[in-house]
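Notes follow once the structure below has been shown.
The values are calculated or read from the model by the stated rules, or taken from the named source; none is laboratory data. In this text, all values refer to a predicted model and were calculated from it rather than measured experimentally. We place every Cβ from the backbone using ideal geometry, glycine too, and count neighbours over all the protein chains shown. With ligands, DNA and RNA removed, areas are computed over all heavy atoms of the protein, side chains included. Shrake-Rupley method; radii C 1.70, N 1.55, O 1.52, S 1.80 Å.
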Amino acid sequence: MSTNAARVAAPTRREQILREAARLFAERGFHGVGVDEIGAAVGISGPGLYRHFAGKDAMLAELLVGISERLLDGGRQRAAAESADSPEAVLGSLIDGHIDFALDDRPLITLHDRELDRLRESDRKRVRQLQRQYVELWVTVVRELNPGVPEAEARSAVHAVFGLLNSTPHLGSYGNGLPGRAATEALLRRLAHGAFGALAPPVGA
């Protein structure tokens, strides 16, 4: 890899701050972490953070709104890339993308569950809007794959799969008798496909 490529791939200071803020907020709670501690985690003074963010509230908003935007954008891109193939391919790609999120961004799942209500109303509404659009993207694909399935049932299945995949913060760290990353991905993929497969009517029904 060239020096230029490595430089492009390196996270920006703003990205480093957000990553460490997410980790610390998830570990100790939003009110259990000070600006100075986030600064120390990235090697700058607490007051130096204010060159990047107005405060902890702004960090939390960017984390939760940002991941909702990335999930929706990524889902749309995956759906467009696979649309020439089949609904099965689109659904498989969506599942793979969400598994990557669930394993790579576990602190953000914890943050969403614990701290969403701390966002100001406009940011909270934005997160909910993005999430609804992301769900509907999946529902559309599931119904293309299973035309006879009622919309409400397809939506319930999507929410159930999200609940399954988003349980990854409870898995613990890899090792210590737990399956590794590849095995965890494979297990989650089988469970998600199995849940959606259960929507198909039994043969001869």
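For the range 102-188, state which chymotrypsin sites (Phe, Trp or Tyr not before Pro) are in a DSSP loop and have at most 13 other beta carbons lying within 10 Å of their beta carbon.
TYR174
Need one number: nm distance between label points at ALA41 and ALA10, each 7 Å from Cα along Cα→Cβ, rounded to one decimal.
2.1 nm
Carbon and sulfur together cover what percent of the accessible area of the range 57-198 at a 1.4 Å probe radius?
Carbon and sulfur together cover 50 percent of it.
Rounded to the nearest 10 Å², what accessible area does GLU121 show when all protein chains are kept and the probe is 1.4 Å?
Taking all protein chains as shown, GLU121 has close to 110 Å².
Using the alpha-carbon atoms, what tilt in degrees (0 to 90, nearest 10) does helix 181-197 show relative to the longest principal axis of the chain?
The angle comes out at about 40 degrees.
How much of PHE196 can a 1.4 Å solvent probe reach, expressed as accessible area in Å² and rounded to 10?
Its accessible surface works out to 10 Å², give or take rounding.
Given [x] 1.22; [y] 1.02; [z] 0.96 as candidate values of Rg/Rh (Cα atoms, Kirkwood Rh), which corresponds to the one derived from the coordinates?
[y]
Just subtract the alpha-carbon distance of ARG51 and ALA186 from 0.36 nm times their residue separation and send over the number in nm, one decimal.
Taking 0.36 nm per residue and subtracting the Cα distance, the gain is 44.4 nm.
So how much accessible area does VAL90 have, in Å² to the nearest 10, using a 1.4 Å probe?
10 Å²
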